[in-house]
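See structure below.
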Amino acid sequence: MKIERFEDLEGWKDDQAAKVRKTLKKGDLKNPRNSMNPRNAINPINPTNPINSINFWLFALCFLLFSTSIGCATAPAQKIGTASDLSFDKKSVAGQTQKGFKERIALFPFENFGDDKNALTVVMPMLKSRLEAKGVEVLNDDSLYTFLCKERVRSTGYISKDLARKMKQELNVTSILVGSVNSFFPGGNPKIGLSARLIDSSDGAILWANHASATGEDFTTILGLGTVKSINKLAFKVVNTLFNSFDLNPHQKETESTYRIAVMPFQNKSKVRDAGMMATYMFLVQLFKSQRFEPIEYGDVRRYTVDLRIRSKGELDLQNTDALSKDLGVDGILVGTVESYSEGDGNSPPEAAISARLIDAHKNRILWYDGHQYNGDEGVFMFDWGRIRSPENVAYEVISGLVKEMGKTKWH
């Protein structure tokens, strides 16, 4: 009998009990005797013995219970349509849908601070390939460039909140990857450096940020082996390093102890062109990694500096401080200067010196001020181990130290 419902199970038990009663009437259930078994000789079956009768009924009851348990185990489980079961199914379906969903990212052409015009030709395909390897869908170039032309976007190294939201509505992208090629030198000792930020298309917040830079000699091991001499191979290594920490779901910071910071474009007093903007982007990366700060995407800062006609870099008057505080909703404003930025040569290591000031946007006062200087040989502890050959990594070391000290500032 096939059991599909609870009522079938009850009927099956009644049938089993009827069979047992029928068998009792016919006298078919007897204890088979074996004349060679001494136990049968000692304990012969006596139908009039009340103990034998009790044993028989106990056997019948055990048989009935055993048969019932087998039926319950082999019967297919019936799904009960309760509210809790329904909610569980919805969660399962939602989880499967979310698992199969691909994030769509718009990859902006990186801002090229280097002298080589071929930098983007080498770097951009690698960035796209690495994003796709992470399981995301990259918006096609035709749709992206059509949008950029329509909106008359001149610089693609940053994006404002309004433009990000417009991209979400028109192109259905969840985030935008912006960044810069800080250096690209394909010489005998190739150099390359990248900074990148992933921007949420719904609110313009920074979801992820990182910086990576290297030279070919950074991979040299004992006996001079391992040196990277190809700019393409070096670019591949740097891009991989850049995306090692890539995450679409960043760790949430504690809101009560986090301060929103607007980073103004840094003044550049060095001889290296665009060193001020490179430092600005590096500060955004390091502030994002700090648990104390939440940096505002530079696109929004840039828009307000244009609207307020702020031309001087490294400085900010009280009137503009109030305007930025109200419009951007920030707690602090960071301004500063790149005092020096040296590539170095065979006789001297790369060097960088940067000063910065943190302004309380609510009270119009300087909360913190400091300046650091560092060169690539300061970390050498044996032979060439610990040497920094990239000027970007030297500058990033300086910025990391400044942000660490800034994190100790008492706001109240």
Review point. Within region 172-183, can one find any residue that is touching a Ser or Thr at 6+ places or on another chain (Cβ under 7 Å), part of a loop (DSSP other than H, G, I, E, B), assigned by TED's automatic domain parsing to the domain that holds Phe243 and not polar (S, T, N, Q)?
Key: yes
In region 355-371, anything free of Cβ contacts under 8 Å to residues at least 40 places away in the same chain and either small (Gly, Ala, Ser) or surrounded by 18 or more Cβ atoms within 10 Å (Cβ to Cβ) (or both) is listed as Ser355, Arg357, Gly371
Restricting region 101-121 to residues that are charged (D, E, K, R) and either under 27 Å from the mean Cα position of the chain (by Cα) or buried (at least 16 other Cβ atoms within 10 Å of the Cβ) (or both), the one modelled with the lowest pLDDT turns out to be Lys102
Only one of Asp247, Asp300 is of a type in the set (Asp, Glu) and surrounded by 15 or more Cβ atoms within 10 Å (Cβ to Cβ), namely Asp300
The correct count of residues that are under 18 Å from Ala214 (Cα atoms) and in a loop (DSSP other than H, G, I, E, B) in region 324-351 is 7
When region 382-412 is checked residue by residue, the ones that are closer than 23 Å to Asp345 by Cβ and aromatic (Phe, Trp, Tyr) are Phe383, Trp385, Tyr396
| message | It is to be established whether one or more residues within region 236-249 are under 30 Å from Gly314 (Cβ atoms) and modelled with pLDDT of 95 or more. | response | yes
Filtering region 177-212 down to residues that are within 21 Å of Glu294 (Cα to Cα), surrounded by fewer than 24 Cβ atoms within 10 Å (Cβ to Cβ) and polar (S, T, N, Q) yields Ser202, Asn210
**OP:** State whether one or more residues within region 259-272 are within 26 Å of Ile354 (Cβ to Cβ), assigned to a helix (DSSP H, G or I) and in contact (Cβ under 8 Å) with a residue 24 or more places away in the chain.
**Re:** no
Restricting region 122-163 to residues that are among the basic types (Lys, Arg) and in a helix (DSSP H, G or I), the one surrounded by the fewest Cβ atoms within 10 Å (Cβ to Cβ) turns out to be Lys150
Considering residues that are more than 21 Å from Phe185 (Cα to Cα) and outside any helix (DSSP H, G or I), the number found within region 229-250 is 5
Restricting region 285-323 to residues that are at pLDDT below 90, part of a helix (DSSP H, G or I) and among the β-branched types (Val, Ile, Thr), the one nearest to Ser245 (Cα to Cα) turns out to be Thr305
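The values are calculated or read from the model by the stated rules, or taken from the named source; none is laboratory data. Owing to the predicted nature of the structure, the values given are computational and were not obtained by experimental measurement. No Cβ is skipped: glycine too gets one built from the backbone with ideal geometry, and neighbour counts run over all protein chains shown.
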